[in-house]
Structures are given as structure tokens and as C-alpha cells.
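Here the structure is laid out as C-alpha cells; the discussion comes afterwards.
The values are calculated or read from the model by the stated rules, or taken from the named source; none is laboratory data. None of the values given here were measured: they were computed from a predicted structure. Note that we place each Cβ from the backbone using ideal geometry, even for glycine, and neighbour counts take in every protein chain shown. All accessible areas refer to the heavy atoms of the entire protein, side chains included, with ligands and DNA or RNA removed. Shrake-Rupley method; radii C 1.70, N 1.55, O 1.52, S 1.80 Å.
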Amino acid sequence: MEFEIPRSHPRYWSLVARERLVEAFEKGLVVPQGLIAHGRGECFDYILGEETRDFALEAERVSAAYLLLSSRPVISVNGNYAALAAEEIAELSEALGGRAIVEVNIFYRTEERVRRIYEFLRGFRVRGLLDPGCQKTRVPGLESPRGIVCRDGIASADFVLVAIEDGDRTEALVAWGKKVSAIDLNPFSRTAQKASVSIIDEAVRATRSITRFLDSMSSMSREELRSVVEAYDNSRILARAFKAILERLSEAALAGRL
Ligand code: ATP
């Protein structure tokens with residue numbers, strides 16, 4: 001890291017995240033568009049109070065249940081997600097005992113960048129990491145390299161966890177019959193709108209939270225896990241996220257300050 005961020009800085013974590021992304025950009029893991037996408041996320045995190053809200057916790061709990069129930073769970077990792085949360089992705093893969101496949105899958109695809117992200121994740125000892133030399137196929141309806149996926153990974157998954165993802169790709173995965181949990185701070189995004197489970201939370205916090213739920217739910221029976229999944233209503237979660245934004249803005253508008 002080029003410059004030392006003082007721990008006492010009120011926006012310490014936000015500055016660390018930016019440094020991580022800039023570093024990852026310089027190493028060729030993150031594209032410039034990824035830096036812009038991060039800014040959009042930060043804006044929503046600011047409004048949401050930079051903490052995991054109750055509606056996010058509920059979506060994270062259901063995502064943990066899906067990870068435990070699915071026969072072929074896949075964690076899809078792009079440049080931003082790897083740069084910010086490699087350690088947390090490693091912990092999540094460990095909590096799943098390597099049962100989930102971790103596939104590097106990126107929107108602006110070059111095989112070189114896929115390889116770099118893969119090597120980066122390997123450095124964190126992520127378990128279940130799929131070799132980028134895997135047999136490839138395409139997500140139906142997605143032309144261009146953004147539709148390329150691994151046959152033994154996303155293509156054969158019944159559940160996919162994505163983060164900081166593009167709306168079109170999320171929609172195409174759902175249309176392909178996958179259950180998709182999407183970590184995305186913006187409830188207005190097409191990703192959040194189209195996902196089966198919308199986790200309106202920051203990627204690092206959300207990943208840690210899913211891992212915590214996995215630990216606490218590991219003793220639940222399949223029947224109990226199924227009832228968690230069946231009781232879930234994503235439109236209610238989105239409605240609560242919009243309401244939280246509305247309330248925060250209303251309070252600020254009335255008081256003239258936060
Ligand atoms: P969509 O295509 O889904 O309508 P978009 O065009 O904003 O949305 P991208 O540019 O790919 O899609 O942005 C990815 C999304 O990730 C954005 O909605 C942004 O709010 C969100 N995001 C960015 N950084 C984070 C983060 N650290 N944690 C969670 N979400 C994030």
C-alpha cells in the first residue's frame with residue numbers, strides 16, 4: 001500500500017477498500033469500469049449507514065441455507081470481489097469444506113485477467129477454486145465473452161452466489177434456471193431486481209455474515225433448511241431496503257443533518 005491510512009480516520013475502511021481496488025487495478029485484476037462500479041456501491045453504502053441491516057441479514061441467512069442445500073453450489077468471483085474480499089471468500093470456502101466451486105467469472109473477459117484473479121485467490125488458499133483451463137460453454141442469451149462460463153462450474157450449478165455483478169448476466173443466470181443470490185448495495189440495480197435473493201449489503205460484510213450463518217446453521221436438518229428457503233420472499237426484502245433508504249433520507253431532510 002503506497003500510503004499509510006491512519007486507523008483513526010473516520011472513513012478508514014472506505015479508504016482501505018479504495019486502496020485495495022487501485023492496487024488490484026495496477027496489477028491487472030480490476031478494470032477501470034470496476035472502479036466506477038465501486039463508487040456507485042459506496043454511495044448506497046453511505047445512505048444505508050455503512051452497516052449490515054436486518055433485511056440484508058435475512059437474505060444472507062437464506063443464502064447460507066441455499067449453500068448448504070444445493071447439490072452444486074458455485075461462488076462466482078470477479079475482479080472487484082476478489083480485490084476486496086479474497087480473505088472472506090477463502091473463509092467462506094473453508095466453512096463449506098471446499099464443497100462449493102469457486103469460479104472466476106468476469107464481465108470484461110480476457111483469459112489473462114481470469115488467470116491473474118485465479119492466482120490471486122490461490123494466494124489466499126481459497127478452496128474449491130476451478131482451474132481457468134476448464135471446459136467452457138455459454139450462458140444462453142449472452143453473446144460476447146461476457147457469456148462464457150465453465151461447464152463444471154456455473155453451467156452445472158443449481159445455486160450461484162454473485163457479487164458486484166452486472167444485471168444482464170444475473171438475469172440470464174436466473175432465466176437459465178439457477179437460484180442466484182446477489183450481493184449488491186444498490187436495490188435499484190437490475191442485479192438486485194432480478195436475483196432470487198438480493199443481499200443489499202457491502203461485499204466484505206456480506207461474505208463474513210454468510211460464513212457466520214453457515215457456522216450456526218450447520219447442525220440444521222435439510223427439512224429445517226428447506227423451511228428457511230421456502231419462507232423467504234425477496235420482494236419483501238427489497239421493499240425493506242427501499243424503506244430504509246426512504247427513512248434515512250426523511251430523517252436527514254427533517255433535521256437538516258444526519
Ligand atoms: P445493473 O447492471 O445490475 O443494473 P450496474 O450497471 O450498476 O447495475 P455494475 O456497474 O456492474 O452494474 O455495478 C455493480 C453493482 O455493484 C452496482 O450496483 C454497485 O452498487 C454494486 N457494488 C459496488 N461495489 C460494491 C460492494 N463493495 N459491495 C456490494 N455492492 C457493490
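List of remarks:
- Extension gain for SER14 to GLU224 (0.36 nm times residue separation, less C-alpha to C-alpha distance): 71.9 nm.
- TRP13 contributes about 90 Å² of solvent-accessible surface, heavy atoms of the protein only, 1.4 Å probe.
- As a length-normalised measure over Cα pairs under 8 Å and 6 or more apart, the relative contact order of the chain settles at 23 percent.
- Using heavy atoms of the protein chains and a probe of 1.4 Å, the accessible area assigned to THR211 is about 20 Å².
- q = 0.17, 0.19, 0.27, 0.29 Å⁻¹, segment 56-110: log10 I(q)/I(0) [Debye, one scatterer per Cα]: -0.59, -0.73, -1.18, -1.23
- Charge dipole (Cα centre; +1 on Lys/Arg Cβ, -1 on Asp/Glu Cβ; no other charges) of segment 15-125 amounts to roughly 500 debye.
- Selection from ILE36, LEU68, ALA86 lying farthest towards where the dipole of segment 10-93 points positive, charges on Cβ: ILE36
- Partnerless cysteines in the chain, where a partner means another cysteine C-beta under 4.7 angstrom, comprise CYS43.
- Each Cα pair under 8 Å and six or more residues apart adds its separation to the average, and for segment 109-170 the resulting relative contact order is 24 percent.
- Point-to-point label distance, LEU258-ALA239, nm (Cα→Cβ direction, 7 Å offset): 2.8
- About the centre of its Cα atoms, the chain shows a dipole size close to 420 debye [charges on the beta carbon of Lys, Arg (+1) and Asp, Glu (-1) only; nearest 20 debye].
- Principal axis extents of the C-alpha atoms in segment 1-124 (largest first, rounded to whole Å): 43, 39, 23.
- Computed about the Cα centre, the dipole magnitude for segment 72-192 is approximately 300 debye when only Lys and Arg (+1) and Asp and Glu (-1) carry charge, each at its Cβ.
- The fraction of Cα-Cα pairs per 5 angstrom bin, counted from 0 for segment 139-233, comes to 3, 13, 20, 22, 20, 14, 6, 2, 0 percent, rounded to whole percents.
- q = 0.17 Å⁻¹: log10 I(q)/I(0) that the Debye formula gives for segment 39-79, counting C-alpha atoms only: -0.67
- Our helix-only sum for the chain, with -39,500 (n - 2.57) per DSSP H run of n ≥ 4 divided by its residues, gives a mean residue ellipticity at 222 nm of -17000 deg cm²/dmol.
- Rolling a 1.4 Å probe over the protein chains gives THR110 an accessible area of about 70 Å².
- For the chain, the Kirkwood estimate of hydrodynamic radius, built from reciprocal distances between every pair of different alpha carbons, is 18.6 Å.
- At full extension, ARG115 and ARG151 could sit 11.3 nm farther apart than now, given 0.36 nm per residue minus the alpha carbon distance.
- Computed Rg/Rh of segment 80-217, alpha carbon atoms with Kirkwood Rh: 0.93
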